[in-house]
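Data block below; observations after.
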Amino acid sequence: MTGPFIRPANLRVKPLRDNERARVEAALSKRFLTTGLVPEIVDQPGKKPKTEDEKRKNRLSKALSAYTVSHLCQVPEHDGIASLVDGEEDNGIDAIHLTGDTVYLVQAKYKRGEPDRDEDIHPFVQGVRDLLDGNYENFEENRLFQARKDDIEEAISAPGTKVVLVFVHMGEVIKDHALRVLEDFCREEEVSFLDINGQLIHAALLADENPKEIKAKLTLRFHRATDTTPKVAFGLISAQQLAALYHEHGALLFDQNIRSFLGRNTLNKEIEASLRSTPELFAHYNNGITMICRQLRVPRTKNRPFGQYLARGLSIVNGAQTVGSIAQAIPNGDPNPPEAYVMVTIIETQGAGDTFAVDVTRTRNTQNPIPREAFAAQDIVNEHLRQKLAMQEIKYVYKPGQERGDAHCVLEDVAHALAMFSPEPTDALTKDIGDILNVRSPAYRRLFGSLLEDLQENRSEPERVYRKVQVYQQVERTLIEYRQATLPKSRERLFYSLMRPLTRYWIARRSRVVQNSMALVLSAAEVGDVSRNIEALAPQVLAATLAYAAEHNRGIQAISNSASDCRAIFDNLEKTWRDQQRQAHALHRSLEDQKL
C-alpha cells in the first residue's frame with residue numbers, strides 16, 4: 001500500500017486499455033483470488049448456477065472493493081475483506097469500512113462500459129439513503145451486514161461522523177447526468193464523494209510494486225554535516241549497525257546500487273577476514289561506503305563525538321560488498337560483535353534534481369572495476385519495466401548480484417530481444433552484449449532510450465516487450481540445440497556458435513508473432529508459429545552464409561566479426577525473399593487470369 005489514490009500528473013481520464021485492464025486483473029487475482037482472501041463462489045441450491053466467467057467477475061468485483069478500502073484507508077488487505085457486505089440484498093453497497101470518525105461506503109463495478117445511472121448509481125444512492133435514515137429492512141437478508149449492524153449503526157449515528165461515498169469503477173468515465181445524481185445527493189446529505197476510476201486503480205497497483213522505503217537511525221562517530229543543500233554527512237559508522245541494517249532489510253538495502261551483494265567471493269572473504277583479525281584497523285583498510293537518502297535529519301549539536309542521524313529512503317550505493325561481508329561476519333543477534341568502524345558518506349537527494357541520485361551512484365562507483373553494462377541497472381526504464389511486469393507476476397531481474405534463479409527474464413534477455421527486433425540492423429547484428437548495454441553507446445540510447453519514452457507515454461507496453469523476450473528466448477534455445485546437434489569442428493557448428501545474431505534478426509524480420517497480439521504470454525499456437533519460423537528460416541541464413549563464404553573466400557569466424565559482411569548476407573537474404581515474393585505473386589496472378 002502506498003497511500004490514498006493519487007492522480008499522476010500525466011493521467012488523462014479515459015477508459016482502461018485492454019492490456020492495462022489485464023494488469024489490474026492479474027494484480028487483484030494475485031492478492032485476493034489466488035490467496036483465497038476472496039473465496040470461491042459455490043452455487044446455491046434452487047438457484048440458477050453461475051458460469052465460471054460470472055463467478056470470476058464476481059470475485060474480482062469483491063477484490064476491487066477490498067483493495068479500494070485497503071489502499072484508501074491504509075489498512076491491511078484482511079481489513080479490506082472484512083469490510084465487504086457485497087452479496088445478496090446488499091442494497092447497492094459493496095463495502096462498509098469504519099475508521100475513527102469516518103464511515104466509508106463503497107460500491108465497486110468491475111464491468112466494462114459506462115456506469116449506468118439507473119442500474120449502478122441510483123441503487124447506490126438509495127442504499128446509502130436507507131443507511132443514513134436508519135432503514136435497515138433492505139439489509140435484513142445480508143448476513144455480512146447483519147453481523148456488523150450494531151457497529152455500523154453506532155458509527156453512523158455518532159455526533160460528528162463523516163460519511164464518504166466511494167464509487168470505484170473499471171469502465172468508462174461517469175457521464176455528467178449520472179454524476180449529478182451523486183453530487184446532488186451528497187449536497188443534500190452533507191456527505192463526501194470520491195470517484196475512483198480504472199486508471200487510478202492501475203496507477204495505485206503499479207505504485208505498490210515500488211520497493212519499500214527504508215527509514216533508519218544512524219549513529220556516527222567523529223561526524224560532520226554540511227549546512228548547504230543537498231546535505232552531506234560523513235563520519236564513522238559501526239560494523240554492528242551495518243550488519244543489523246543488512247539483516248533487517250537484505251538486498252533492499254542496495255536497491256539503488258549498481259549491483260547487490262555478490263556473495264562470498266574471494267574479495268569478500270578477505271573483507272570478512274580483515275574484520276575478524278584486525279577490527280581496530282578495519283576503517284584504515286576499507287575504502288568506506290556511500291549512502292543516499294531522500295531526506296536526512298542531522299543532529300542539532302554538532303560538537304559531540306557521536307551524532308544521531310535520521311535517514312528516510314535510505315540506500316547504500318557504494319560499498320555493497322563491504323556491508324554484505326560485514327553481515328556474513330556478524331550474524332544476526334551476535335552478542336559479541338567485533339568493535340569495528342567504517343567511513344560513511346550520507347548524501348541527501350531531496351530537491352537536487354531528478355538525475356542526482358543516479359549521478360551520485362554512477363560517479364561513486366567509477367573508481368572500482370565494474371563492468372560497463374552494470375550501469376544500465378541504474379536506468380529508470382528497467383524499474384518501469386519491472387514494476388509493470390511484476391503486476392502480472394512476471395519477474396524481471398536487471399541488477400548484478402540479484403537472485404536470478406526464478407526470474408522469467410533478465411537484463412541481457414531484454415537487451416537481446418530489443419536488438420533482435422530493432423529496425424536498425426547495426427543493433428541486431430552486434431555480437432557483444434556489453435556494447436548494447438553500454439549506457440553511453442548509440443545502440444543503448446536507441447533501444448532503451450526510446451523504450452523509456454514509450455513506457456512513460458504509454459506508447460509501448462511491457463506486454464509487447466515481454467513477447468519479444470519470449471521469442472528471443474525460444475529462438476536462442478533452439479539455435480543452441482541446433483549447434484549441439486552438429487558435428488564438432490564442422491562449419492555448421494561454427495555457424496550456430498557465431499552467427500546467431502544474424503539468424504535471430506532474420507527470423508524477427510519474417511515473424512509476425514509479436515505484432516499479432518497484446519497478450520502477455522505467447523499462446524501454444526504462437527510458440528508453434530515461432531518453431532516453424534525457426535525451422536524454415538535458420539537454414540536459409542546458414543545457406544546464405546556458406547554461399548557468401550565461398551564466393552568471397554571468407555571464413556565464418558571472420559564473417560561473424562565483420563558487421564559489413566553480416567549486413568551483406570542480410571541484404572542477400574532480403575533480395576532473395578523479395579524475388580520469391582514477386583514470383584509467387586506473378587504465379588498467383590497468372591493462375592487467376594487462366595480462370596478468367
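The values are calculated or read from the model by the stated rules, or taken from the named source; none is laboratory data. Note that this is a predicted model, so its numbers are computed, not measured. When we count neighbours, we look across all protein chains shown, and the Cβ atoms used for this are built from the backbone with ideal geometry, even at glycine.
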Among the helices (runs of 4 or more DSSP H) lying completely within the stretch 481-596, list those that include at least 3 residues that are touching a Pro at 6+ places or on another chain (Cβ under 8 Å). 563-595
Hey, among THR430, THR426, which residue is buried (at least 16 other Cβ atoms within 10 Å of the Cβ), at pLDDT below 95 and not aromatic (Phe, Trp, Tyr)? THR430
Which residue, of VAL106, VAL168, is touching a Leu at 6+ places or on another chain (Cβ under 7 Å) and in the same structural domain as GLU190 (by TED's automatic domain parsing)? VAL168
When you go through ARG567, ARG589 one by one, which is the residue that is touching a residue at least 24 places away in the same chain (Cβ under 8 Å) and charged (D, E, K, R)? ARG567
Out of everything in the stretch 446-461 that is at pLDDT below 85 and outside any loop (DSSP other than H, G, I, E, B), what residue ends up being surrounded by the most Cβ atoms within 10 Å (Cβ to Cβ)? LEU451
Quick check: is even one residue across the stretch 428-448 of a type in the set (A, V, I, L, M) and in contact with a Cys (Cβ under 8 Å, 6 or more places away or on another chain)? yes
Could you list, in sequence order, all residues of the stretch 547-567 that are surrounded by 15 or more Cβ atoms within 10 Å (Cβ to Cβ) and among the aliphatic types (A, V, I, L, M)? ALA549, ILE556, ILE559
Among all residue pairs at least 6 apart or on different chains, which show Cβ distances below 6 Å where the first residue, located in the stretch 503-525, is in contact (Cβ under 8 Å) with a residue 60 or more places away in the chain and the second is part of a loop (DSSP other than H, G, I, E, B)? ALA508/PHE421; LEU520/GLN392
Of the conditions (1) buried (at least 22 other Cβ atoms within 10 Å of the Cβ); (2) touching a helix residue (DSSP H, G or I) at 6+ places or on another chain (Cβ under 9 Å), ASP334 fails just one. Which one is it? (1)
What number of residues within the stretch 480-494 satisfy the criterion of being in contact with a Ser or Thr (Cβ under 6 Å, 6 or more places away or on another chain) and touching a residue at least 24 places away in the same chain (Cβ under 8 Å)? 1
Can you pull out every residue in the stretch 349-366 that is farther than 20 Å from LEU296 by Cβ and touching a residue at least 40 places away in the same chain (Cβ under 8 Å)? ARG362, ASN365
Check on LEU520, closer than 18 Å to PHE421 by Cα, in the same structural domain as HIS408 (by TED's automatic domain parsing) and modelled with pLDDT of 95 or more: no
Do you know which of the residues in the stretch 164-191 that are in contact with a helix residue (DSSP H, G or I) (Cβ under 7 Å, 6 or more places away or on another chain) and in a helix (DSSP H, G or I) is surrounded by the fewest Cβ atoms within 10 Å (Cβ to Cβ)? HIS177
In the stretch 312-342, residues that are within 18 Å of ALA273 (Cα to Cα) and under 25 Å from the mean Cα position of the chain (by Cα) total 1
Answer from THR35, THR99 - the residue that is exposed (fewer than 15 other Cβ atoms within 10 Å of the Cβ) and assigned by TED's automatic domain parsing to the domain that holds VAL181: THR35
When the residues of the stretch 108-163 are narrowed to those that are outside any helix (DSSP H, G or I) and among the charged types (D, E, K, R), which ends up modelled with the lowest pLDDT? ASP116
How many residues, within the stretch 379-422, are modelled with pLDDT of 90 or more, in a loop (DSSP other than H, G, I, E, B) and over 26 Å from ALA207 (Cβ atoms)? 2
If you check HIS71, HIS78, which single one turns out to be under 17 Å from TYR104 (Cβ atoms), touching a helix residue (DSSP H, G or I) at 6+ places or on another chain (Cβ under 6 Å) and not small (Gly, Ala, Ser)? HIS71
May I ask you to verify whether LEU245 is at pLDDT 85 or above and either surrounded by fewer than 16 Cβ atoms within 10 Å (Cβ to Cβ) or acidic (Asp, Glu) (or both)? no
Those residues of the stretch 89-107 which are touching a residue at least 60 places away in the same chain (Cβ under 8 Å) and either among the charged types (D, E, K, R) or outside any strand (DSSP E or B) (or both), in sequence order: ASP101
With respect to ILE346, determine if the residue is part of a strand (DSSP E or B) and touching a residue at least 24 places away in the same chain (Cβ under 8 Å). yes
